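Nothing in this text is a laboratory measurement; each read-out follows from the coordinates by a stated rule. Keep in mind that this is a model prediction, so the values were computed, not measured. As a convention, Cβ positions derive from the backbone with ideal geometry for all residues, glycine included, and neighbour counts pool all protein chains shown.
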2 protein chains.
Amino acid sequence: MQNAPVSGPLEGVTILDLSRVLAGPFATMTLAGLGARVIKVEVPGTGDDARAIGPFQDGRSLYFEGINFNKESIALDLKDETDRKTFEALLAKADVLVENFRPGVMDRLGLGWDELKERHPKLIYAAASGFGRSGPASDQPAYDLIVQAMSGMMSITGERGGAPVRAGVSVGDLTAGTYLCLGILAALFRRASTCRGELVDVAMLDCQIAFMEEPLTSYANTGVLPGPRGTRHPSIVPFQAYRTKDSQLVIAAGNDQLFAKLAGALGKPELPELEKFSSVRKRFEHVDELETVLEEALSERTTDDWIAELTAAGIPCGPIATVDQVLENPQVRARNMIRQTAPRQDGSRSTVIGNPIKFGSYPEQMEPLPAPQLDQHRESILAMLATQE
Amino acid sequence: MQNAPVSGPLEGVTILDLSRVLAGPFATMTLAGLGARVIKVEVPGTGDDARAIGPFQDGRSLYFEGINFNKESIALDLKDETDRKTFEALLAKADVLVENFRPGVMDRLGLGWDELKERHPKLIYAAASGFGRSGPASDQPAYDLIVQAMSGMMSITGERGGAPVRAGVSVGDLTAGTYLCLGILAALFRRASTCRGELVDVAMLDCQIAFMEEPLTSYANTGVLPGPRGTRHPSIVPFQAYRTKDSQLVIAAGNDQLFAKLAGALGKPELPELEKFSSVRKRFEHVDELETVLEEALSERTTDDWIAELTAAGIPCGPIATVDQVLENPQVRARNMIRQTAPRQDGSRSTVIGNPIKFGSYPEQMEPLPAPQLDQHRESILAMLATQE
């Protein structure tokens, strides 16, 4: 097989990727970042639905480009006999098949796990869906918004006393994609000793539930129902955003030492001496009053001033960065988290996100390969199959 | 070694876990859910800092219980000579060491990766920190709130036109924990063929940047700066919460067919015929007007009525569930996502969250083991070391 574009621990692993839009492609982007070769199998004509989701630039979907770099593309009609043979030949060489259709779709295509495991006993079959392959809602469709709402995530996100809002990114999809990767990697690890394939079944709703462990177990065990939390932590104080002279900053001073340092830096060293602010539990009980007291001090100076001063004093704090500021953050840059792809034939490049998993033994990829055009790698993939048969 | 409590693909893998509070313990909880044996090494006296974070029940921290079930605990003072020998003996048997100290702390203890890799060349050393092991902010402390603020996540979460809020759960920690698992599993997979250890370096900020791929790449390539998004998707319409007669519901009808179905179900079949609502792009341009039109229709009936009707019509929709409702959701129950631990000696049990990764070949764990008391497994761990020496 052709070399994968990234040097990483999954070198030599081939992923056949039927997934579309977000959860599945985010998973396979992550696997490509770890060194796997990812071959996208797309519907002829239109390809991955994400190719039609905006915003667009020079006719390309940025939504698609951001999660499909470092991949190859071949267009195959799984209901066409010739294409189907090509797909089966690819399956025979693949380590992992990824799909995110609704449960049942692959079975109706004759490509369900029950059939494939007979023909390809070493294959890892990884499926992501809204609700999973079992349970009363299994065959219902879901999208990020639906699982953010149904998991309770929206009910605790928003202004205190205000309406629920959605976390600003599609955490429902991204979390499911990440857990799908975990299942795939665990199965690959096991297969190294058993030579046996595996079924991995991940539901977006389940993954949101996993991320909701704190409010769910807290309510289940105490009966105290949480609502939208604003910027505050549910039990640690002070741990929220505060107003300054010109904007806001966040401060996380969750233990007594940090609170004493904070009180000193704000010129109010007496605060920890007051009974009402003397422990995390007391500060939690008087969280509104403490907010007033701290904002009184913080209103004297600007956010930038305070961040310099508090950081020097060892108090965890930071600005509420807007997206343009994030791109300029020296730490983000130093960690190679913002990347320009290699140029396309027309010389254009895209900005994409780096791999957040850093290894001691593998160099970071300097220039990710831009997302493929639909069917871009047909020739090389068919040639690979021909020479290896 | 003693059997791990969960049957899964990581059977036989031993994790030595020095991590505290959230990102690290969430990672090792996930690994335990995949079949690994996890031994928490805690500070004598107080143990994991999370043991002091509320809410509390019967003197136990629910915060701690929710992310430390299925683990063992031994208290060791890494500056004490005898304890240090025990720790080294455990290291010799471990496959993975997990820590989430600030970079440099383990080096000062003489337990940094550079030293350990000489003594334990097969060891996988997995470190999670706020900013990672490199870059100008490397040695600064960070907590969830800080990375949600610095990554831009807060800047796009909240009411449209309103103030930034924090996603309701600590996605900064949970995401870092999940990526840490990915790095560990990829390194374990590789080690199966190379017999070589690995360093895994994960930063909370980097992981939030990875989850921010859509707004960051969209802004970097278009220059359009996003603000708080309310419940809306940034480019797909309709895809948000709408008011009904009694509350709200979410609807995700992102393509033309679903929009036509939705218009029909709402008794407004003419909507897709109108030029202004005729495509996703047009609907995006007229998103406010469409909201008014849809809410006019939705205000006629209750959320429950609409969900029954729209679900029957195949339109993705759902309630904005509160945490109590989530616990009763039949799909969540059917997927075994809410679990009662096995009883403690005093007969008490805790509610914890199930494993969201389902495998074809492994049964689900019926009763997770409750989180350990500090040093609960000292005797069995020391006995294990003695018999195997």
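Please list, in order along segment A:104-112, the HN-Hα scalar couplings obtained from phi with the Karplus expression 6.51 cos²θ - 1.76 cosθ + 1.60 (θ = phi - 60°), rounded to whole Hz, x for Gly and Pro.
Karplus values, whole Hz, x for Gly and Pro: x, 4, 5, 4, 5, 7, x, 10, x.
Once the dipole of chain A is set up with Lys and Arg at +1 and Asp and Glu at -1 on Cβ about the Cα centre, which of A:338, A:184, A:265 lies farthest towards its positive end?
A:184
Please give the charge dipole size of chain A, origin at the Cα centre, charges +1 on K and R Cβ atoms and -1 on D and E Cβ atoms. Round to the nearest 20 debye.
With Lys and Arg at +1 and Asp and Glu at -1, about 560 debye.
If each residue of separation counts as 0.36 nm, what is the full-extension length gain between residue A:387 and residue A:366 once their alpha-carbon separation is subtracted?
Contour length minus the Cα-Cα distance gives 4.5 nm.
Modelled label-to-label distance, residue B:224 and residue B:115, 7 Å Cα→beta-carbon offset: nm?
It is 5.4 nm.
Any aspartates and glutamates with Cα under 12 Å of the residue B:93 Cα? List them, leaving off those in the same chain fewer than 8 positions away.
Correct list for residue B:93: B:389.
With charges only on Cβ, +1 for K and R and -1 for D and E, what is the dipole size of segment B:239-326 about its Cα centre, in debye, rounded to 20?
220 debye
Hey, for residue B:121 with labels 7 Å out along Cα-Cβ, what do the inter-copy distances come to in nm, ordered shortest first?
3.6
So how far, in whole Å, is the C-alpha centre of segment A:330-389 from the one of segment A:59-136?
Taking the Cα centre of segment A:59-136 as reference, the centre of segment A:330-389 is 21 Å away.
If each label sits 7 angstrom from Cα along the C-beta direction, how far apart, in nm, is residue A:274 from its counterparts in the other copies?
Label-point separations across copies, in nm and ascending: 5.4.
Along Cα→Cβ, 7 Å out, is where each label goes; now give me the distance between the ones at residue B:288 and residue A:378 in nm to one decimal.
4.6 nm
Quick one: A:123, B:271, fewest Cβ neighbours within 10 Å first, how do they rank?
With the fewest neighbours first, A:123, B:271 line up as B:271, A:123.
Computed over the Cα atoms of segment B:239-326, what is the ratio Rg over Rh, Rh following Kirkwood?
Here the Rg-to-Rh quotient is 0.96.
Using a Förster distance of 56 angstrom, determine the FRET efficiency expected from the C-beta separation of residue A:139 and residue B:345, and round it to 0.05.
That gives a FRET efficiency of 0.80.
Once the piece of chain linking residue A:11 and residue A:333 is laid out straight, how much longer is it, given 0.36 nm per residue of separation minus the C-alpha distance between them?
113.3 nm
Place the label 7 angstrom along Cα→C-beta at residue B:347 and in each other copy, then list the distances from the first to the rest in nm, shortest first.
Nearest first, the other copies' label points are 8.0 nm away.
Structure shown: which of B:122/B:358; A:85/A:122; A:40/A:85 lie over 21 Å apart, alpha-carbon to alpha-carbon?
In this structure, B:122/B:358 exceed 21 Å between Cα atoms.
Please list, or write none, the lysines whose alpha carbon is within less than 16 Å of the alpha carbon of residue B:245, excluding same-chain residues fewer than 8 places away.
Reachable lysines: none.
Alpha carbon centre of segment B:159-225 versus segment B:261-324: separation in Å?
Centre-to-centre (Cα) distance: 34 Å.
Give, to the nearest whole percent, the P(r) tail of chain B beyond 29 angstrom, counting all Cα pairs.
Of all Cα-Cα pairs in chain B, 54 percent lie more than 29 Å apart.
Net charge near residue B:42, counting Lys/Arg +1 and Asp/Glu -1 over other residues with Cβ under 12 Å of its Cβ?
-2
What average number of partner chain Cβ atoms lie no more than 10 Å from the Cβ of the residues making up B:196-209?
Other-chain Cβ atoms within 10 Å of each residue's Cβ, averaged: 5.
Enumerate the calculated ³J(HN,Hα) couplings along segment A:235-249 in order (Karplus 6.51 cos²θ - 1.76 cosθ + 1.60, θ = phi - 60°), each rounded to whole Hz, writing x wherever the residue is Gly or Pro.
9, 9, 9, x, 7, 6, 8, 10, 7, 10, 4, 10, 7, 9, 9
Among A:181, B:317, B:195, which comes first, second and so on when ranked by fewest other beta-carbon atoms within 10 Å?
Going from sparsest to densest Cβ surroundings: B:195, B:317, A:181.
Which angle from 0 to 90°, rounded to the nearest 10, does the C-alpha axis of helix A:256-265 make with the longest principal axis of chain A?
Long axis of A:256-265 versus the principal axis of chain A: about 60 degrees.
Aspartates and glutamates near residue B:276 by alpha-carbon distance under 20 Å, same-chain residues fewer than 8 away left out - which ones?
By straight Cα distance, residue B:276 reaches B:256, B:285, B:288, B:289, B:291, B:295, B:296.
Calculate the spin-label point distance for residue B:270 paired with residue B:246, positioning each point 7 Å from the Cα along the beta-carbon direction, and give it in nanometres.
3.1 nm
Rounded to a whole number of µm²/s, how large is the Stokes-Einstein D of segment A:166-286 at 20 °C and 1.002 mPa s, given Rh as the Kirkwood radius over C-alpha pairs?
117 µm²/s
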